[in-house]
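Here the structure is laid out as structure tokens; the discussion comes afterwards.
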Amino acid sequence: MSTFQAVVLSGGGAKGPFGLGVLLALAKFRKERKKDITPIYCGTSVGALNAAMAAQGNLHELDKLYARLNTDDVLGTSNSSVSSVTLGFTSFRKPYYYFRNDALRATIAANVKFEALANSHLLVCVTNLITGRLETFYKSTIVDELIAKEGELETTERRLNHYHPIQSQEELIDVLLASAAIPFYFPPVEVRGRKYVDGGVGNNTPLRQAAYVSRYLHSCNLPVLPTVCVINDPQRFSIESDTGLDVFGVIRRSLDIYHNELVQDSLNTWHRINASVRALQDQEGRISSILNTLPVELREPITTQVLGVVRDVRGFAAKMELPLYDIRPSSPLLDDVLEFDPKNAKRLKHQGVEDCLKMLVQRSDITPGDYQRWVEEID
């Protein structure tokens with residue numbers, strides 16, 4: 001039986017090769033340890049592109065993409081900085097955007113194939129520009145089952161009304177383009193008559209999506225490994241000065257701060273829920289120990305009643321612990337998230353490999369000797 005594992009890939013533009021490095025390290029681990037693991041990829045922005053190509057089984061192709069990807073392939077120009085002339089020329093656009101998305105659309109279209117996702121699990125986050133709601137497009141039979149099961153609940157209890165199945169190659173391209181549509185930089189993208197922008201506006205690191213799927217798999221008594229969460233920024237990072245920040249620089253810095261605070265809050269919530277589950281389980285254990293002192297003929301019915309009351313009081317609290325491994329760089333990766341360069345990509349990829357393998361060493365999943373060999377073997 002295959003074991004499932006959710007892999008969360010955050011956005012970050014040209015920081016994307018860091019996520020590739022993590023994926024390569026995880027693939028190496030599965031191969032060396034002969035692990036039959038079915039990944040469930042959840043991604044936003046560049047993390048969504050990484051997720052889509054990984055879900056296709058195309059890590060080698062993703063590696064080749066970053067090895068040749070330049071700024072022109074994303075922006076349609078080699079210059080990622082703001083020009084006052086262009087700013088004035090484009091000011092009539094409503095809603096406003098600075099770069100056209102033709103080049104990015106072509107790059108996405110050349111590298112993703114809807115048919116290749118037939119047996120995979122992919123979730124892509126986008127933000128509805130009009131409602132402000134974070135929505136999820138997916139290609140996954142597991143999510144299909146989860147949504148069907150949720151359909152049995154009362155409408156007020158449903159959480160996945162904003163999940164939509166990806167139905168074609170063109171829609172896959174549109175969804176990935178929308179997930180990377182950074183406001184001000186790129187225009188919104190229309191999917192099914194609704195306008196969407198970068199998923200990072202709502203949540204740059206889609207942990208909630210991973211939690212929903214993992215809990216469902218647990219409820220089906222299927223084996224689930226700890227969720228791996230790839231974050232493209234360190235926990236806290238400062239800049240030397242703000243004097244060099246143009247319009248884009250201020251936007252980038254603001255988004256970095258916003259994303260960092262949001263993901264830290266999401267991580268804290270995840271760990272807090274896990275801690276509360278452990279505390280409740282410990283409480284039930286202590287109650288059971290006390291009740292075990294009762295006469296045998298009274299023990300079972302009273303234990304059932306008491307624990308039933310405890311669980312009723314608990315209400316909608318999470319019923320299971322979901323371990324989480326978060327991987328993030330120790331220092332900032334890049335200043336300009338739209339400056340794509342193969343040399344930088346190679347450096348970030350290797351950093352992702354090393355940081356992932358270090359995490360596996362810390363978790364005692366591999367040895368320091370494995371780390372040394374695998375760092376050299378992963379090109």
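For segment 194-232, which residues satisfy the criterion of being closer than 30 Å to residue 98 by Cα, buried (at least 24 other Cβ atoms within 10 Å of the Cβ) and of a type outside the set (S, T, N, Q)?
Answer for segment 194-232, where residues must be closer than 30 Å to residue 98 by Cα, buried (at least 24 other Cβ atoms within 10 Å of the Cβ) and of a type outside the set (S, T, N, Q): 196, 197, 198, 199, 200, 201, 206, 230, 231.
Filter segment 1-36 for residues that are assigned to a strand (DSSP E or B) and within 12 Å of the chain's Cα centre (by Cα) and give the result.
The answer is 6, 7, 8, 9.
Just checking, how many residues over segment 37-70 are assigned to a loop (DSSP other than H, G, I, E, B) and either β-branched (Val, Ile, Thr) or within 18 Å of residue 180 (Cα to Cα) (or both)?
3
Residues are listed down the side, and each one gets a yes or a no for (1) crowded, with 19+ Cβ neighbours inside 10 Å; (2) at pLDDT 90 or above:
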| position | (1), (2) |
| --- | --- |
| 314 | no, no |
| 321 | no, no |
| 328 | yes, yes |
| 331 | no, no |
| 334 | yes, no |
| 340 | yes, yes |
| 348 | yes, yes |
| 354 | no, yes |
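Just checking, does segment 171-178 include any residue being out of contact with any helix residue (DSSP H, G or I) (no Cβ under 6 Å at 6 or more places or on another chain) and at pLDDT below 95?
no
Would you confirm, using the coordinates I've provided, whether residue 269 is at pLDDT 90 or above, polar (S, T, N, Q), surrounded by 13 or more Cβ atoms within 10 Å (Cβ to Cβ) and not in a loop (DSSP other than H, G, I, E, B)?
Here the answer is yes, as residue 269 does meet what is asked.
Out of curiosity, is residue 168 touching a strand residue (DSSP E or B) at 6+ places or on another chain (Cβ under 6 Å) and among the polar types (S, T, N, Q)?
no
Looking at segment 330-360, which of its residues are farther than 19 Å from residue 70 by Cβ, touching a Gly at 6+ places or on another chain (Cβ under 8 Å) and not β-branched (Val, Ile, Thr)?
350, 351, 352, 354, 355, 356
Looking only at residues in segment 37-54 that are within 14 Å of the chain's Cα centre (by Cα) and among the polar types (S, T, N, Q), which one is surrounded by the most Cβ atoms within 10 Å (Cβ to Cβ)?
Across segment 37-54, the extreme among qualifying residues is 44.
Per-residue answers, yes or no, for (1) touching a Ser or Thr at 6+ places or on another chain (Cβ under 7 Å); (2) farther than 30 Å from residue 306 by Cβ; (3) in a loop (DSSP other than H, G, I, E, B):
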position: 181; (1), (2), (3): no, yes, yes
position: 202; (1), (2), (3): yes, yes, no
position: 212; (1), (2), (3): no, yes, no
position: 228; (1), (2), (3): no, yes, no
position: 232; (1), (2), (3): yes, yes, yes
position: 237; (1), (2), (3): no, yes, yes
position: 251; (1), (2), (3): no, yes, no
position: 274; (1), (2), (3): no, no, no
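Could you list all residues from segment 207-226 that are out of contact with any Phe, Trp or Tyr (no Cβ under 7 Å at 6 or more places or on another chain) and closer than 13 Å to residue 326 by Cβ?
Within segment 207-226, just 210 meets the criteria.
Let's see how each residue does on (1) surrounded by fewer than 19 Cβ atoms within 10 Å (Cβ to Cβ); (2) among the acidic types (Asp, Glu); (3) not in a loop (DSSP other than H, G, I, E, B):
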| position | (1), (2), (3) |
| --- | --- |
| 72 | yes, yes, yes |
| 79 | yes, no, no |
| 87 | yes, no, yes |
| 94 | yes, no, no |
| 105 | yes, no, yes |
| 112 | no, no, no |
| 116 | yes, no, yes |
| 131 | yes, no, no |
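Being in contact (Cβ under 8 Å) with a residue 40 or more places away in the chain and surrounded by fewer than 24 Cβ atoms within 10 Å (Cβ to Cβ) narrows it down to one of 34, 15, 28, so name that one.
28
I'd like to know if segment 22-35 contains one or more residues that are under 21 Å from residue 340 (Cβ atoms), touching a Leu at 6+ places or on another chain (Cβ under 8 Å) and of a type outside the set (Val, Ile, Thr).
Looking through segment 22-35, at least one residue is under 21 Å from residue 340 (Cβ atoms), touching a Leu at 6+ places or on another chain (Cβ under 8 Å) and of a type outside the set (Val, Ile, Thr).
Any chance you could count how many residues in segment 278-299 are assigned to a helix (DSSP H, G or I), more than 26 Å from residue 321 (Cα to Cα) and not basic (Lys, Arg)?
3
The values are calculated or read from the model by the stated rules, or taken from the named source; none is laboratory data. Just so it is clear, the model here is predicted, and its values are computed rather than measured. Positions of Cβ are backbone-derived with ideal geometry, glycine not excepted, and every protein chain shown enters the neighbour counts.
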